[in-house]
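The values are calculated or read from the model by the stated rules, or taken from the named source; none is laboratory data. The shown structure was predicted, so the numbers you read here are calculated from the model rather than taken from an experiment. Cβ placement follows ideal geometry from the backbone for every residue including glycine, while neighbour counts extend to all protein chains displayed.
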């Protein structure tokens, strides 16, 4: 289903998956199936990680008894729209290996798991939106995750695209895929001068 005209034009010939994936705020409350949810987390499972450490943990809820707790960890600006999505989760990165040594790449690896989940969702016709706007202290306290063992990275929602008119006017104006800065802004060949 085409949701908006995709005017994102890459500067190199890349797979459409990269330009078609974007972070909507308009979610339908249509539930996800157990099979759809399993596919999302299976994709995250196969993300690359340093020494195959897989140093991420995901906690999520759909419409279960803990959903209000999960909703309460988001900042109010995100609660306005994200509570409509049928799946809300949080990615955490493990701080140390089982032997106590630090996992310096765990945040990077957790980002890989998130991206794998997001691409899998996109290939399934679903939408995702990651959010840094969370109460990090509440994430540990309310979700039962140890701050000594893990660092909260982000919240995320997954679902079907909803009716944009359900969003407030400000969010409706922002409800289009955004562009990207040129590669030259972020990539340098050779030693940085």
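Taking (1) in a loop (DSSP other than H, G, I, E, B); (2) at pLDDT below 95 in turn, residue 145 satisfies each apart from (2). When residues in region 38-47 are screened for being assigned to a loop (DSSP other than H, G, I, E, B) and either out of contact with any helix residue (DSSP H, G or I) (no Cβ under 7 Å at 6 or more places or on another chain) or under 18 Å from residue 130 (Cβ atoms) (or both), 1 of them pass. Filter region 178-193 for residues that are in a loop (DSSP other than H, G, I, E, B), more than 20 Å from residue 77 (Cβ to Cβ) and either touching a helix residue (DSSP H, G or I) at 6+ places or on another chain (Cβ under 7 Å) or in contact (Cβ under 8 Å) with a residue 60 or more places away in the chain (or both) and give the result. Matches in region 178-193: 179, 180, 182.
Residue-by-condition table, conditions (1) assigned to a loop (DSSP other than H, G, I, E, B); (2) surrounded by fewer than 18 Cβ atoms within 10 Å (Cβ to Cβ):
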residue: 8; (1), (2): yes, yes
residue: 11; (1), (2): yes, yes
residue: 29; (1), (2): yes, yes
residue: 36; (1), (2): no, no
residue: 79; (1), (2): no, yes
residue: 85; (1), (2): yes, no
residue: 91; (1), (2): no, no
residue: 98; (1), (2): yes, yes
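Do we have any residue at all in region 48-67 that's at pLDDT below 95, surrounded by 14 or more Cβ atoms within 10 Å (Cβ to Cβ), assigned to a loop (DSSP other than H, G, I, E, B) and more than 18 Å from the chain's Cα centre (by Cα)? Yes, there is a match, as at least one residue in region 48-67 is at pLDDT below 95, surrounded by 14 or more Cβ atoms within 10 Å (Cβ to Cβ), assigned to a loop (DSSP other than H, G, I, E, B) and more than 18 Å from the chain's Cα centre (by Cα).
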